[in-house]
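The numbers here are math on the coordinates, done by the rules we state, and not lab data. Values in this document were obtained by computation on a predicted structure and should not be read as measured data. Cβ placement follows ideal geometry from the backbone for every residue including glycine, while neighbour counts extend to all protein chains displayed.
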Amino acid sequence: MQIRIDNPVQQTIIFSLLFFIILFLTVRKSNKTNFFDYSLTQELKGFAMLAIIFSHVGYFLSEDQQFLFPLSILAGVGVNLFLFLSGFGLTISTLRSGLTLKNFYRKRLVKLFLPLWFVLALLIGIDLIILHRSYPLFTLIQSFLGFFPKADLFQDLNAPLWYFSLIFFYYLIFPLFFWKKTVYITPLVLLIIPFFLLQLPLPIDPSVLSLYRLHFVSFPLGVFFGLVTYDKIFTILRLDFKNILSGNNLKYILTLFFIVVFIFTSFNSGVDKGKLIEQTISLITMFSIIFLFIIKKIEFLFLNLYGMYSYEVYLIHWPLLSRYDLFYKYLPASLATLLYLGFFLVIGYLINKFGVYIIRKLTKNYI
């Protein structure tokens, strides 16, 4: 169900002021030692998750799309960031650990599915008890298997989980084509396979297929970035990169350039101009964000924290927003949105800790 917001522009301004105050109150000097380290990827995940939440609230939950504009215009970029960082993280982790195929699936799929199953069971129970709403058995089976062929925001069990099916697909095929002797072939294979699959008459809703076609390049790009970053040759190039950026003038010029690129491509996203143009512009926006995060000398702890629990927040946020109005009917939209951000963080934390506890019980070992 959509919500009506009084004075959406005014509420957006108030929310933005409060949000950026919180954001900058959690700033600290960056302690990163690596070019693209864990804390940086967590910040980027937090940025991506917030971009998706703002878009879902501003464009779909609110009847008036002025609310949260322009914070709400980066959902596609947020999805690309998630996929890119997943490809990057999976590559770096595999290069370092050298997991066997069996151990890869056991480790990754447990982490992927356990929070999903918990959230699905929770939503099914709450929907049945509070809303007296049930779902067809076949839909439930598909959902627990990780297949979400539709994305109806107000009818489906959890519409944003079309993304889960895509990332699950990449997790399935990644270790099959990750050959250490020819690793640079891997991102190309991961690009070609979905490209040709998306030409087939798949049993998936056209709107979801459209989303797949819009985002399938990001994961292979993340894999390629991970390979290049891990390569010993890049270590030397990276030092040169840092030395070049140590010159303040060039650093400021590049920073200004990527800020301009980010703003321009965010407002000129290429929507309705074809998937190739829209995807290319979204990727340019994404890389502008990545560059700006790499070059900055500070760390946003709030983004880092949101990044830590971004997966769990992604799983739960939309059903709570769309079916259970906990705050908007009682509070001004600006304050309600802030409360939701905190509420999602708490719920995400609890789901994460529950998953860790269950994994430890099942495996007798933290993985």
Could you give the length gained by full extension between PHE196 and ASP37, i.e. 0.36 nm per residue of separation minus their alpha carbon distance, to one decimal place? 53.9 nm
Full extension between ASP272 and THR182 adds, at 0.36 nm per residue less the Cα distance, a length in nm of 28.6 nm
Once LYS111 and PHE354 are pulled to full extension, the length gained, defined as 0.36 nm per residue separation minus their Cα-Cα distance, is 86.3 nm
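If Lys and Arg each add +1 and Asp and Glu each add -1, what is the summed charge of the other residues whose beta carbon sits under 12 Å from the beta carbon of GLN279? The partial results should precede the final answer.
Details: positive: ARG213, LYS273, LYS275; negative: GLU278.
Once positives and negatives cancel, what remains is +2.
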Rounded to the nearest 500, what is the chain's calculated 222 nm mean residue ellipticity when only DSSP H runs of at least 4 contribute -39500 (n - 2.57) each, over all residues? -22500 deg cm²/dmol
Sorted on mean Cβ neighbours within 10 Å (highest first), peptides 316-325, 301-310 come out as 301-310, 316-325
Debye calculation, C-alpha points only, no solvent: report log10 I(q)/I(0) for the chain at q = 0.09, 0.13, 0.14 Å⁻¹, in the same order as the q values. -0.53, -1.18, -1.39
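Considering only the other residues whose Cβ falls under 9 Å of the Cβ of GLY307, what net charge follows from Lys and Arg at +1 and Asp and Glu at -1? Could you put the intermediate results ahead of the total?
Working: positive: LYS45; negative: GLU43.
Once positives and negatives cancel, what remains is 0.
Does the range 1-143 come out rounded, prolate or oblate by the C-alpha gyration tensor, with a ≥ b ≥ c the root eigenvalues, rounded set by a/c under 1.5 and, if not, prolate when a/b is larger than b/c and oblate if not?
Numbers: a/c = 2.61, a/b = 1.13, b/c = 2.31.
Verdict is oblate for the range 1-143.
Looking at the calculated P(r) for the range 174-232, what percent of the C-alpha pair distances fall above 18 Å?
Tail of the P(r) past 18 Å holds 40 percent of the pairs.
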